[in-house]
Structures are given as C-alpha cells and as structure tokens.
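Colleague: Just passing along the structure, written as structure tokens.
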Amino acid sequence: MTNKQLNIGIFGFGNVGQGLYEVLQKSPSTKASIKKVVVRQKNKARSISQDLVSFNPDDILQNAEINTVAELIDNADDALKIVTQALKAGKNVVSGNKKMIAENLTNLLELQVETGSSLLYDASACGSIPVIRNLEEYYDNDLLKGITGILNGSSNYILTQMHRHNASYNNALKEAQEKGFAESDPTFDVDGYDAMYKLIILALHGFGTIVKPEDIFFTGISNIQACDIQLAREKGKKIKLIARAFKTENVKIALLVAPAFVGPESYIYNVDEEFNGVIIEGEAYDEQLMFGKGAGSHPTGSAVLSDITAMSYNYKYEYKKRKFFTPPTQTNDVSIKVYFRYQQANVPDLLPLQSIEEQYSGPNYQYTVGTVKLADLLNTKDILRKFEVFTALHDYKSK
C-alpha cells in the first residue's frame with residue numbers, strides 16, 4: 001500500500017504544536033506538509049512563517065486542500081467542536097486532548113462510523129509510548145488481565161526528586177514547573193485528573209469498555225509529605241502515582257488512580273524522572289513493560305507525527321475489543337489495601353474501613369493501613385479531600 005500526501009492544518013502552536021512542526025522538519029521522507037496553523041494569541045512570537053498563521057478556524061475546516069487536522073489545544077470543549085467539525089467535513093483528525101477524548105468516547109466512536117473519517121490519538125495517552133496502537137494491534141484478544149502505568153510525567157518527576165534528593169513537595173513542584181514538566185496551575189497533573197483520563201482511553205482499547213470519569217476513584221500527590229516518603233523508604237519501596245485497570249474474579253474490570261507503595265520487584269519501581277512506564281498483564285505472557293518519555297514537546301510531537309504517518313496509509317482504530325468480544329462491565333465492588341495519613345484524630349472514624357492492619361499515632365501525624373471497598377472509597381473521596389488525607393495504595397496489586 002502506498003502512502004498518500006497529507007496536507008495538514010494545525011490547531012494550536014504551544015509545546016506540542018511546535019514539537020510536531022520541529023520533528024516533521026527532521027522527517028523529510030514523510031509525505032506531509034503543514035498548510036495552515038490556527039492560533040488564538042495574535043501578538044505571540046512563533047518559529048514559523050507568518051504566511052502559515054491564521055486566527056480563523058474556517059481557514060482549516062473549510063479548506064478543501066487540507067485533508068488532515070492536528071487538534072493540539074488545551075480547552076476540551078473547543079477541542080470537541082474542532083474535532084466534530086473536521087470529521088464531518090471529511091477530514092482525518094489527530095488529537096492529543098485526553099480530557100476531550102475520555103469524556104466523549106461514545107460520541108467520537110459514532111462520529112467515525114457516521115463520517116468514515118479516522119480519529120487517532122496515541123499522543124493523548126503516554127507521550128512517545130505507542131500504547132494505544134499496541135493494545136489495538138498486538139494485544140487484540142481477550143487475554144488481557146490488567147494495565148498498570150505511571151501515566152503522568154509531572155507527578156513522577158516530583159516524586160523522584162522527593163525520594164532521591166529529599167526535596168520538599170513545593171520545591172520539587174517548582175523545579176518541575178521551571179523545567180516545563182508541570183503547568184503554572186499543576187492541579188490537572190498532581191491531583192490525578194490527567195492519569196484518570198488516560199486510563200479511560202487505555203481501558204477502551206485494552207478491554208473495549210467505556211467508563212465515565214465520575215465512576216472512577218482517583219486521587220493525586222498534592223497532600224504528600226516527607227513522612228510518607230520516609231515510610232516508603234523504611235519499607236524498601238517508592239511512592240509512585242499509578243493508574244490501574246484490571247479484571248476481577250467475576251470478569252469485570254476495576255479502575256483507579258492513586259499513589260502507591262511500589263517495591264523493587266515491580267517493573268515500574270525504576271521508572272523515574274519525567275518518564276512513563278506501562279505494564280501490560282496477560283494470561284499467556286505474564287507482564288510486559290513499555291517505557292519512554294511521557295511528557296515534553298518533542299516526545300509528544302513525535303507521537304502526533306506517528307499518527308499522521310499512519311493516516312497516510314489509511315490507518316484507523318478498529319476498536320476490536322468492542323467489535324469481536326463482549327466488553328466487561330466496570331465494577332467498584334473490589335477490596336483494596338490502603339494507607340491513609342492524616343492530622344486529625346477523628347479521621348479514622350470517617351474512613352470506610354473493612355479491617356485495620358496497621359496504625360500509628362505520633363506528635364506530627366497519624367496513619368492507618370486497612371482494607372476498603374473501592375466503591376466506599378469513591379463515595380468518601382470528598383471527605384478525604386476536605387480533611388487533606390493522603391491516600392495511597394499499600395499494595396497496588398490488591399484485589
């Protein structure tokens with residue numbers, strides 16, 4: 001099959017858009033050229049010809065010469081409008097907006113069928129790691145047991161600095177922001193939203209199941225303190241922010257995002273700095289690790305370019321797990337072992353504990369390790385946030 005010429009229209013020219021532009025210049029054999037770049041800010045200096053720059057979306061959406069759209073903006077609502085209009089105009093689309101994709105999976109799947117156009121979004125999940133394509137093509141059977149990953153490079157960088165260099169959370173966050181790994185408002189990354197949206201996308205391609213964000217328990221690292229890092233060291237472990245989707249004994253799937261105590265026996269124990277790592281667990285192949293940079297202009301730009309190149313060969317996601325198998329339903333009816341660290345003495349009375357395995361009470365903080373139902377954890381997430389409880393999986397493989 002020969003590849004066709006792609007004429008690209010780009011929405012957004014931030015880190016990813018510029019990264020795509022630069023890696024495309026380093027790939028002269030790719031039959032793709034940028035015809036127009038639509039941006040919002042009019043007085044911003046950019047490293048592209050002004051002839052390419054536009055402030056009118058119709059210069060891409062109504063341009064018959066442009067057959068491929070790269071949607072690379074931050075706002076999820078605006079991104080959905082762009083993707084919808086582009087697909088309906090018969091254009092193929094590449095997107096890196098995980099929030100937009102995760103919140104609109106059903107509609108986006110229907111749009112692709114309705115229009116016959118292709119939407120690819122490998123860049124939305126793990127930067128330079130081709131996880132989605134592998135779940136679609138290599139793991140295209142029902143032998144998959146679980147997906148466990150460090151999916152957010154910003155949080156992983158912060159945790160690495162705290163563990164390796166005894167940095168405080170605030171200092172590690174500031175350094176991550178200075179290096180461009182974290183935004184000025186880091187909430188999306190450090191409170192688990194980013195990893196949660198990525199997990200929803202991976203669950204679709206891994207298991208065929210569409211899950212709503214409100215049905216997933218997720219929490220992040222913004223409440224972490226030095227005492228949590230020290231306790232992990234004493235146990236011979238590191239704290240990592242992980243996202244996990246796994247089959248239960250009754251062949252449903254459970255999903256969650258939380259910090260976790262990870263031991264050296266795990267592949268992701270040594271995934272540090274801004275890197276991502278994804279463990280694929282299967283019936284016949286045990287565990288396999290995919291590793292690479294999950295953040296940054298060029299790694300994410302290269303993932304976008306990979307999708308664009310695939311489109312030159314008319315590649316589309318087939319969503320095989322939905323087409324050829326019956327997707328498992330989601331459940332929160334599983335028990336997990338959790339570490340809760342808190343300041344107020346009355347917090348244990350608010351925790352949905354089934355059993356308690358370990359407790360500590362000291363002058364500066366207290367903690368409890370116990371078993372909880374994932375459903376109860378989801379129902380008490382607002383209470384945990386109100387009392388600034390640091391919540392972590394004591395064993396990320398607990399089921």
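Colleague: What does the charge dipole of the stretch 6-121 about its Cα centre add up to, to the nearest 20 debye, if the Cβ of each Lys and Arg holds +1 and the Cβ of each Asp and Glu holds -1?
Modeller: I would put it at about 340 debye.
Colleague: Additional query: Report the net charge of residues surrounding F188, where surrounding means a beta-carbon distance below 9 angstrom and charges are Lys +1, Arg +1, Asp -1, Glu -1.
Modeller: Net local charge, F188 excluded: -4.
Colleague: Could you tell me which residue out of I221, N314, L256 lies farthest along the dipole of the chain toward its positive end? Charges go on the beta carbon: Lys and Arg +1, Asp and Glu -1, centred on the Cα centre.
Modeller: Of the options given, the answer is N314.
Colleague: Any of K36/K316; K235/K373; K35/K91; K88/K320; K235/K293; K237/K373 with alpha carbons more than 21 Å apart? Name them for me.
Modeller: Violating the 21 Å limit, Cα to Cα: K36/K316; K235/K373; K88/K320; K235/K293; K237/K373.
Colleague: Here is a further query. Using Cβ counts within 10 Å as a stand-in for footprinting exposure, how do E274, E287 rank, fewest first?
Modeller: If I rank by nearby Cβ atoms, fewest first, I get E287, E274.
Colleague: About the Cα centre of the chain, how large is the charge dipole given +1 on each Lys and Arg Cβ and -1 on each Asp and Glu Cβ? Please answer in debye to the nearest 20.
Modeller: 500
Colleague: Continuing with the same structure: Please determine, in degrees from 0 to 90 and to the nearest 10, the orientation of helix 76-88 with respect to the longest principal axis defined by the Cα atoms of the chain, where the helix direction is its Cα long axis.
Modeller: For 76-88 against the chain, the angle is about 40 degrees.
Colleague: Scale the Cα Rg of the stretch 6-121 by the rule-of-thumb value 2.2 N^0.38 Å and send over the ratio, two decimals.
Modeller: The value comes to 1.01.
Colleague: So, one more: Run down the lysines and flag those whose C-alpha is under 16 Å from the C-alpha of K321, throwing out any fewer than 8 positions away in its chain.
Modeller: Qualifying lysines at Cα under 16 Å: K145, K247, K252.
Taken together, the values in this text are just the output of simple stated rules run on the coordinates, not laboratory data. All values derive from a computational prediction rather than experimental measurement. In this analysis, Cβ positions are derived from the backbone assuming ideal geometry, glycine residues included, and neighbour counts consider all displayed protein chains.
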